[in-house]
Amino acid sequence: MVRVGYATTSRQLDFAGTPLRLFAQADRLAWDPLAVPLDQDRLAWEGMVGLQRDLITPIAAMFVAGEEAVTLDLLPLLRWTAGRGMLEEEIYLTSFLHEEAKHTLFFRRWLDEVAKATGDLSGYMGPSYRRIFLVELPEAMEGVLRDGSPASVARAVVTYSMVVEGIVAETGYHSFRRLLEIQGALPGLLQGVELVARDESRHLAFALHLLSGLISEAPELWAVVEERLQLLGPLALAVPAEQHRWYLARAEAELGQVPEEFRTMIDMVATDIRTHAAAQLERRTAALKRAWVRIASDPESD
Ligand SMILES: [Fe+2]
Ligand SMILES: [Fe+2]
């Protein structure tokens, strides 16, 4: 391959645009996953019984695998922006990828140092989770490398950001908060989750920027977005439902019969989490639809 030139020698960079503003924000709000204090978590963990720990470990396991997945699968998007001279977008994606790597380190560190989860954690991934992370995500991202069309990028961004980050991960943070309210103090884990969630809000803002740009160039891409959301939305909503069933089965295996009190608590949390997941799906769809309607009614506005 031969290059014909560079963005920086042929034009000014858009420092005020979304990608470089998010890049500056990422620098300003940078945090160290190895420095989040975990001493109190270790103490609290030692005081918990097996069933209490089993409320937390599966979500931590799903988080660490999910963060690894998004670290592994973002590269096609960097390659695509680089190939189109979208330097500002590519620069932002470097901090995006760096952050996903940090999130992976944080959750793995917590599992090592607090939960001492040295065994195989893959059993915590339910069928819908597996389908999203092991099949739909890598395939959609690889489609960008293989194809590179705007439709392939729209499919990839909806999968990666709207569904994985915007619904599955968002719902995961919510589960964590709810369960940690019940379990009491795991302050290091909670702090880490809040820091991760802050980074993720930038990732979503970027995804919306990218998708709006694509749709403004080709409004018919909205059909691709809708089709993808229709396919993956129900799978994303099934993740917390499968988790709920796992909790009940685990309690039954441990106690013989699930105590009414435990069942009521788990059912309450599950209902809350399902409602949250459905609201996230609605929120992501509405945000995209607003962008599409704005673009479709005034194509010059973006
Ligand atoms: Fe992440
Ligand atoms: Fe992310």
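The values are calculated or read from the model by the stated rules, or taken from the named source; none is laboratory data. From a predicted model like this one, the values you see are computed outputs, not experimental measurements. Positions of Cβ are generated from backbone atoms using ideal geometry, with glycine treated the same way; all protein chains shown enter the neighbour counts.
The table below lists the values:
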| quantity | calculated |
| --- | --- |
| Helices (runs of 4 or more DSSP H) completely within the stretch 49-124 that count 3 or more residues being within 13 Å of ligand 2 (Cβ to nearest atom) | 50-73, 87-110 |
| From the options Leu214, Leu190, Leu235, Leu221, residue that is within 17 Å of the chain's Cα centre (by Cα), in a helix (DSSP H, G or I) and farther than 19 Å from Leu55 by Cα | Leu235 |
| Check on Arg177, surrounded by fewer than 19 Cβ atoms within 10 Å (Cβ to Cβ) and among the charged types (D, E, K, R) | yes |
| Qualifying residue in the stretch 129-141 (condition: part of a helix (DSSP H, G or I), over 24 Å from Leu235 (Cα atoms), out of contact with any Asp or Glu (no Cβ under 8 Å at 6 or more places or on another chain) and in contact (Cβ under 8 Å) with a residue 12 or more places away in the chain) | no |
| Index of the failed condition, Gln191 passing every other in (1) among the polar types (S, T, N, Q); (2) more than 24 Å from Tyr129 (Cβ to Cβ); (3) loosely packed, with under 13 Cβ neighbours inside 10 Å | (3) |
| Lone qualifier among Pro219, Pro150 - being in contact with a helix residue (DSSP H, G or I) (Cβ under 9 Å, 6 or more places away or on another chain), of a type outside the set (Lys, Arg), at negative phi and exposed (fewer than 15 other Cβ atoms within 10 Å of the Cβ) | Pro219 |
| Long-range neighbours under 8 Å by Cβ, at least six apart or interchain, first residue in contact (Cβ under 8 Å) with a residue 24 or more places away in the chain and within 15 Å of Ala277 (Cα to Cα) within the stretch 226-237, second of a type in the set (Gly, Ala, Ser) and assigned to a helix (DSSP H, G or I) | Leu235/Ser128; Ala236/Ser128; Ala236/Ala277; Leu237/Ala277; Leu237/Ala278 |
| The stretch 14-29 residues that are closer than 8 Å to Tyr92 by Cβ, paired with ones that are among the aliphatic types (A, V, I, L, M) and part of a helix (DSSP H, G or I) (beta carbon under 6 Å, 6 or more apart) | Phe23/Ile91 |
| Flag if Gly143 is under 29 Å from Gln25 (Cβ atoms) and either modelled with pLDDT of 95 or more or within 15 Å of ligand 1 (Cβ to nearest atom) (or both) | no |
| Residue that is among the aromatic types (Phe, Trp, Tyr) and either farther than 21 Å from Ala197 by Cα or away from ligand 1 (no atom under 16 Å from the Cβ) (or both), where the choices are Tyr124, Tyr173, Tyr92 | Tyr124 |
